[in-house]
Amino acid sequence: MVVLTPIAAFGMLLDDRLLVDSPIWFKPFKFAVSFVLYSASLAWFISMLEGRAHRIAWWLGTVSALVGLGEMAVIVGQVVRGKRSHFNFETPLDTALFSAMGIMVVILWAANLVIAVMLFRKRFDNPAKAWTIRFSLVIALVGMAVGFVMTQPRAGQSPEKGVLGSHSIGGPDGGSYMPLTGWSTVHGDLRIGHFVGMHALQILPLLIALAGRRANARLAWVISGGYLGATLLVIWQALRGQPLIKPDALTLTVAAAIAVATALGVVWARQSRTTTIEKELVPA
(Lines give C-alpha, C1' and ligand atoms only; values in the text may rest on other atoms or scores of the structure.)
Protein backbone atom coordinates (compact mmCIF):
# COMPACT_ATOMS: atom_id res chain seq x y z
CA MET A 1 0.00 0.00 0.00
CA VAL A 2 2.94 2.32 0.67
CA VAL A 3 4.19 1.62 -2.86
CA LEU A 4 0.72 1.96 -4.38
CA THR A 5 0.03 5.37 -2.80
CA PRO A 6 2.47 7.39 -4.97
CA ILE A 7 1.55 5.31 -8.03
CA ALA A 8 -2.11 6.22 -7.58
CA ALA A 9 -1.14 9.85 -6.93
CA PHE A 10 0.76 9.97 -10.22
CA GLY A 11 -2.21 8.26 -11.85
CA MET A 12 -4.43 11.16 -10.81
CA LEU A 13 -1.93 13.59 -12.33
CA LEU A 14 -1.30 11.75 -15.59
CA ASP A 15 -4.61 9.99 -16.31
CA ASP A 16 -7.47 12.40 -17.00
CA ARG A 17 -10.18 9.74 -17.15
CA LEU A 18 -13.22 10.16 -14.92
CA LEU A 19 -15.31 7.42 -13.37
CA VAL A 20 -18.65 8.32 -11.74
CA ASP A 21 -17.66 12.01 -11.98
CA SER A 22 -14.41 11.44 -10.07
CA PRO A 23 -10.75 11.02 -11.20
CA ILE A 24 -10.40 7.33 -11.93
CA TRP A 25 -7.27 6.89 -9.75
CA PHE A 26 -8.81 8.68 -6.77
CA LYS A 27 -10.33 5.52 -5.26
CA PRO A 28 -7.07 3.49 -5.34
CA PHE A 29 -5.27 6.45 -3.76
CA LYS A 30 -7.78 6.79 -0.91
CA PHE A 31 -7.90 3.04 -0.27
CA ALA A 32 -4.09 2.73 -0.27
CA VAL A 33 -3.64 5.54 2.26
CA SER A 34 -6.42 4.12 4.42
CA PHE A 35 -4.92 0.62 4.36
CA VAL A 36 -1.48 1.99 5.31
CA LEU A 37 -2.91 3.66 8.43
CA TYR A 38 -5.21 0.80 9.32
CA SER A 39 -2.58 -1.93 8.88
CA ALA A 40 0.04 -0.06 10.91
CA SER A 41 -2.41 0.38 13.79
CA LEU A 42 -3.53 -3.24 13.66
CA ALA A 43 0.08 -4.47 13.65
CA TRP A 44 0.78 -2.32 16.73
CA PHE A 45 -2.24 -3.76 18.54
CA ILE A 46 -1.24 -7.33 17.67
CA SER A 47 2.27 -6.72 19.04
CA MET A 48 0.73 -6.16 22.49
CA LEU A 49 -0.60 -9.70 22.69
CA GLU A 50 1.51 -12.50 24.12
CA GLY A 51 1.95 -16.24 23.76
CA ARG A 52 -0.72 -18.23 21.93
CA ALA A 53 -2.94 -15.17 21.51
CA HIS A 54 -0.12 -13.35 19.74
CA ARG A 55 0.49 -16.25 17.35
CA ILE A 56 -3.20 -16.48 16.44
CA ALA A 57 -3.48 -12.71 16.04
CA TRP A 58 -0.31 -12.68 13.90
CA TRP A 59 -1.90 -15.11 11.47
CA LEU A 60 -5.14 -13.13 11.47
CA GLY A 61 -3.12 -10.00 10.74
CA THR A 62 -1.43 -11.80 7.86
CA VAL A 63 -4.83 -12.83 6.52
CA SER A 64 -5.98 -9.19 6.81
CA ALA A 65 -2.94 -8.04 4.84
CA LEU A 66 -3.52 -10.60 2.09
CA VAL A 67 -7.21 -9.73 1.91
CA GLY A 68 -6.32 -6.04 1.62
CA LEU A 69 -3.87 -6.88 -1.15
CA GLY A 70 -6.55 -8.88 -2.97
CA GLU A 71 -9.09 -6.09 -2.69
CA MET A 72 -6.63 -3.52 -4.02
CA ALA A 73 -5.70 -5.83 -6.90
CA VAL A 74 -9.35 -5.83 -7.96
CA ILE A 75 -9.71 -2.05 -7.57
CA VAL A 76 -6.54 -1.26 -9.54
CA GLY A 77 -7.37 -3.88 -12.16
CA GLN A 78 -10.77 -2.31 -12.71
CA VAL A 79 -9.20 1.13 -12.96
CA VAL A 80 -6.91 -0.13 -15.70
CA ARG A 81 -9.99 -1.51 -17.50
CA GLY A 82 -11.87 1.76 -16.95
CA LYS A 83 -14.57 -0.01 -14.93
CA ARG A 84 -16.20 0.44 -11.53
CA SER A 85 -14.92 -1.99 -8.92
CA HIS A 86 -17.89 -1.60 -6.56
CA PHE A 87 -21.57 -2.34 -7.26
CA ASN A 88 -20.69 -3.35 -10.83
CA PHE A 89 -22.77 -6.12 -12.42
CA GLU A 90 -22.32 -5.14 -16.07
CA THR A 91 -20.57 -8.37 -17.11
CA PRO A 92 -19.97 -11.81 -15.55
CA LEU A 93 -16.36 -10.77 -14.85
CA ASP A 94 -17.42 -7.55 -13.12
CA THR A 95 -19.97 -9.50 -11.06
CA ALA A 96 -17.39 -12.11 -10.05
CA LEU A 97 -14.83 -9.46 -9.04
CA PHE A 98 -17.31 -7.53 -6.90
CA SER A 99 -18.55 -10.75 -5.30
CA ALA A 100 -14.95 -11.72 -4.49
CA MET A 101 -14.44 -8.33 -2.85
CA GLY A 102 -17.54 -8.93 -0.74
CA ILE A 103 -16.13 -12.25 0.51
CA MET A 104 -12.79 -10.61 1.30
CA VAL A 105 -14.47 -7.85 3.32
CA VAL A 106 -16.34 -10.46 5.40
CA ILE A 107 -13.04 -12.25 6.10
CA LEU A 108 -11.37 -8.96 7.05
CA TRP A 109 -14.24 -8.04 9.39
CA ALA A 110 -14.23 -11.45 11.07
CA ALA A 111 -10.43 -11.41 11.57
CA ASN A 112 -10.61 -8.00 13.20
CA LEU A 113 -13.47 -9.15 15.44
CA VAL A 114 -11.37 -12.04 16.79
CA ILE A 115 -8.40 -9.72 17.40
CA ALA A 116 -10.72 -7.33 19.27
CA VAL A 117 -11.97 -10.17 21.49
CA MET A 118 -8.38 -11.14 22.30
CA LEU A 119 -7.53 -7.57 23.28
CA PHE A 120 -10.60 -7.42 25.53
CA ARG A 121 -9.26 -10.48 27.35
CA LYS A 122 -5.71 -9.15 27.68
CA ARG A 123 -4.57 -7.50 30.92
CA PHE A 124 -2.96 -4.07 30.43
CA ASP A 125 -0.85 -2.09 32.88
CA ASN A 126 -2.36 1.15 31.55
CA PRO A 127 -6.20 1.18 31.83
CA ALA A 128 -6.60 4.27 29.62
CA LYS A 129 -4.54 2.70 26.85
CA ALA A 130 -6.35 -0.63 27.25
CA TRP A 131 -9.87 0.75 26.91
CA THR A 132 -8.90 3.09 24.08
CA ILE A 133 -7.50 0.23 22.03
CA ARG A 134 -10.48 -2.03 22.73
CA PHE A 135 -13.09 0.60 21.93
CA SER A 136 -11.24 1.79 18.82
CA LEU A 137 -11.45 -1.74 17.41
CA VAL A 138 -15.16 -1.99 18.24
CA ILE A 139 -15.87 1.35 16.56
CA ALA A 140 -13.75 0.30 13.58
CA LEU A 141 -15.90 -2.81 13.23
CA VAL A 142 -18.99 -0.57 13.20
CA GLY A 143 -17.42 1.56 10.49
CA MET A 144 -16.46 -1.49 8.44
CA ALA A 145 -20.00 -2.87 8.76
CA VAL A 146 -21.31 0.22 6.94
CA GLY A 147 -19.85 -1.38 3.82
CA PHE A 148 -22.48 -4.13 4.06
CA VAL A 149 -25.22 -1.47 4.03
CA MET A 150 -23.77 -0.05 0.82
CA THR A 151 -24.35 -3.34 -1.00
CA GLN A 152 -28.12 -3.24 -0.43
CA PRO A 153 -30.11 -2.61 -3.64
CA ARG A 154 -31.59 0.84 -4.19
CA ALA A 155 -34.82 1.69 -5.99
CA GLY A 156 -34.61 0.95 -9.69
CA GLN A 157 -31.44 -1.13 -9.44
CA SER A 158 -30.99 -4.73 -10.54
CA PRO A 159 -28.17 -6.96 -11.81
CA GLU A 160 -29.75 -6.78 -15.25
CA LYS A 161 -29.25 -3.00 -15.22
CA GLY A 162 -25.58 -3.44 -14.34
CA VAL A 163 -25.54 -1.93 -10.87
CA LEU A 164 -26.63 -3.07 -7.41
CA GLY A 165 -25.87 -0.99 -4.33
CA SER A 166 -24.32 2.45 -3.82
CA HIS A 167 -22.63 4.61 -1.23
CA SER A 168 -25.09 7.46 -1.87
CA ILE A 169 -28.52 7.65 -0.25
CA GLY A 170 -31.23 9.78 -1.87
CA GLY A 171 -29.72 9.72 -5.36
CA PRO A 172 -27.20 7.95 -7.59
CA ASP A 173 -23.48 7.91 -6.98
CA GLY A 174 -21.58 10.74 -8.61
CA GLY A 175 -22.36 14.41 -8.97
CA SER A 176 -20.89 17.23 -6.90
CA TYR A 177 -18.45 16.16 -4.20
CA MET A 178 -16.22 17.62 -1.48
CA PRO A 179 -12.54 18.26 -2.28
CA LEU A 180 -9.95 15.86 -0.82
CA THR A 181 -12.55 13.38 0.54
CA GLY A 182 -14.76 12.97 -2.53
CA TRP A 183 -17.88 12.77 -0.34
CA SER A 184 -21.15 13.83 -1.92
CA THR A 185 -22.45 17.36 -1.37
CA VAL A 186 -25.92 16.59 -2.74
CA HIS A 187 -26.86 13.21 -1.20
CA GLY A 188 -26.26 11.22 1.95
CA ASP A 189 -22.92 9.43 1.74
CA LEU A 190 -22.28 6.22 3.69
CA ARG A 191 -18.55 6.46 3.06
CA ILE A 192 -18.34 9.14 5.77
CA GLY A 193 -19.38 6.79 8.59
CA HIS A 194 -17.24 4.07 7.03
CA PHE A 195 -14.18 6.36 7.12
CA VAL A 196 -14.79 7.91 10.54
CA GLY A 197 -15.44 4.52 12.15
CA MET A 198 -12.45 2.72 10.67
CA HIS A 199 -9.99 5.43 11.60
CA ALA A 200 -10.92 5.32 15.25
CA LEU A 201 -7.84 3.06 15.37
CA GLN A 202 -5.60 6.09 14.88
CA ILE A 203 -7.63 8.95 16.33
CA LEU A 204 -8.58 7.53 19.74
CA PRO A 205 -5.07 6.33 20.74
CA LEU A 206 -3.72 9.69 19.55
CA LEU A 207 -6.20 11.61 21.73
CA ILE A 208 -5.30 9.54 24.80
CA ALA A 209 -1.59 9.98 24.06
CA LEU A 210 -2.10 13.77 23.87
CA ALA A 211 -3.88 13.66 27.24
CA GLY A 212 -0.66 12.30 28.74
CA ARG A 213 -0.74 11.93 32.52
CA ARG A 214 -4.32 13.21 32.63
CA ALA A 215 -5.55 10.08 30.85
CA ASN A 216 -7.41 7.45 32.85
CA ALA A 217 -9.97 4.72 32.19
CA ARG A 218 -12.89 7.12 32.60
CA LEU A 219 -11.44 9.51 30.04
CA ALA A 220 -10.97 6.61 27.61
CA TRP A 221 -14.61 5.63 28.06
CA VAL A 222 -15.82 9.21 27.58
CA ILE A 223 -13.74 9.97 24.50
CA SER A 224 -14.59 6.61 22.95
CA GLY A 225 -18.28 7.13 23.69
CA GLY A 226 -18.22 10.56 22.11
CA TYR A 227 -16.41 9.23 19.05
CA LEU A 228 -18.89 6.36 18.71
CA GLY A 229 -21.73 8.88 18.97
CA ALA A 230 -20.19 10.97 16.19
CA THR A 231 -19.74 7.87 14.03
CA LEU A 232 -23.35 6.79 14.47
CA LEU A 233 -24.50 10.35 13.84
CA VAL A 234 -22.86 10.64 10.42
CA ILE A 235 -24.15 7.17 9.49
CA TRP A 236 -27.68 8.18 10.53
CA GLN A 237 -27.35 11.47 8.66
CA ALA A 238 -26.32 9.64 5.50
CA LEU A 239 -29.16 7.12 5.80
CA ARG A 240 -31.56 10.08 5.84
CA GLY A 241 -30.17 11.19 2.49
CA GLN A 242 -28.52 14.28 3.98
CA PRO A 243 -25.10 15.57 2.86
CA LEU A 244 -22.52 16.07 5.60
CA ILE A 245 -22.17 19.79 4.90
CA LYS A 246 -25.93 20.44 4.87
CA PRO A 247 -27.16 19.23 8.28
CA ASP A 248 -30.74 20.02 9.29
CA ALA A 249 -31.86 21.21 12.72
CA LEU A 250 -32.32 17.67 14.02
CA THR A 251 -28.80 16.64 13.03
CA LEU A 252 -27.32 19.79 14.60
CA THR A 253 -29.29 19.20 17.79
CA VAL A 254 -28.03 15.63 18.14
CA ALA A 255 -24.49 16.76 17.34
CA ALA A 256 -24.71 19.42 20.04
CA ALA A 257 -26.03 16.87 22.54
CA ILE A 258 -23.10 14.53 21.80
CA ALA A 259 -20.62 17.40 22.16
CA VAL A 260 -22.09 18.57 25.48
CA ALA A 261 -22.28 15.04 26.88
CA THR A 262 -18.66 14.40 25.89
CA ALA A 263 -17.48 17.69 27.41
CA LEU A 264 -19.27 16.95 30.69
CA GLY A 265 -17.81 13.45 30.63
CA VAL A 266 -14.29 14.86 30.24
CA VAL A 267 -14.86 17.11 33.27
CA TRP A 268 -16.11 14.10 35.24
CA ALA A 269 -13.09 12.03 34.19
CA ARG A 270 -10.65 14.78 35.21
CA GLN A 271 -12.34 15.22 38.58
CA SER A 272 -11.95 11.51 39.14
CA ARG A 273 -8.22 11.74 38.49
CA THR A 274 -7.87 14.80 40.74
CA THR A 275 -9.59 12.96 43.57
CA THR A 276 -7.29 9.96 43.10
CA ILE A 277 -4.17 12.14 43.21
CA GLU A 278 -5.40 13.91 46.33
CA LYS A 279 -5.93 10.57 48.07
CA GLU A 280 -2.40 9.50 47.12
CA LEU A 281 -0.99 12.68 48.70
CA VAL A 282 -2.73 12.08 52.04
CA PRO A 283 -0.20 10.57 54.53
CA ALA A 284 -1.00 7.05 55.70
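The values are calculated or read from the model by the stated rules, or taken from the named source; none is laboratory data. Treat the numbers as computed from the prediction; the structure is a model and nothing was measured. Cβ: placed from backbone, ideal geometry, glycine included. Neighbour counts: every protein chain shown.
For this structure, a couple of remarks:
- The set of residues in the range 118-146 that are closer than 19 Å to Gly102 by Cβ and in contact with a Lys or Arg (Cβ under 9 Å, 6 or more places away or on another chain) contains only Val146.
- In the range 95-130, of all residues being assigned to a helix (DSSP H, G or I) and polar (S, T, N, Q), the one that is farthest from Ile223 (Cα to Cα) corresponds to Thr95.
- Here the range 211-253 is the region considered, the condition is being more than 21 Å from the chain's Cα centre (by Cα) and among the hydrophobic types (A, V, I, L, M, F, W, C), and the residue that is surrounded by the most Cβ atoms within 10 Å (Cβ to Cβ) is Leu219.
- Going through (1) surrounded by fewer than 17 Cβ atoms within 10 Å (Cβ to Cβ); (2) not in a helix (DSSP H, G or I); (3) not basic (Lys, Arg) one by one, Leu264 falls short only on (2).
- Conditions (1) loosely packed, with under 15 Cβ neighbours inside 10 Å; (2) in a helix (DSSP H, G or I): number failed by Glu90: (2)
- Members of the range 28-55 found to be touching a residue at least 60 places away in the same chain (Cβ under 8 Å) and in a helix (DSSP H, G or I), listed by number: Lys30, Ser34, Leu37, Tyr38, Ser41, Leu42, Phe45, Ile46, Ala53
- Qualifying residue in the range 161-180 (condition: over 20 Å from the mean Cα position of the chain (by Cα) and assigned to a helix (DSSP H, G or I)): yes
- Just one of (1) in contact with a Leu (Cβ under 6 Å, 6 or more places away or on another chain); (2) part of a helix (DSSP H, G or I); (3) at pLDDT below 90 fails for Pro153. It is (2).
- Some residue of the range 17-39 being closer than 25 Å to Leu137 by Cβ, of a type in the set (Phe, Trp, Tyr) and touching a His at 6+ places or on another chain (Cβ under 8 Å): yes
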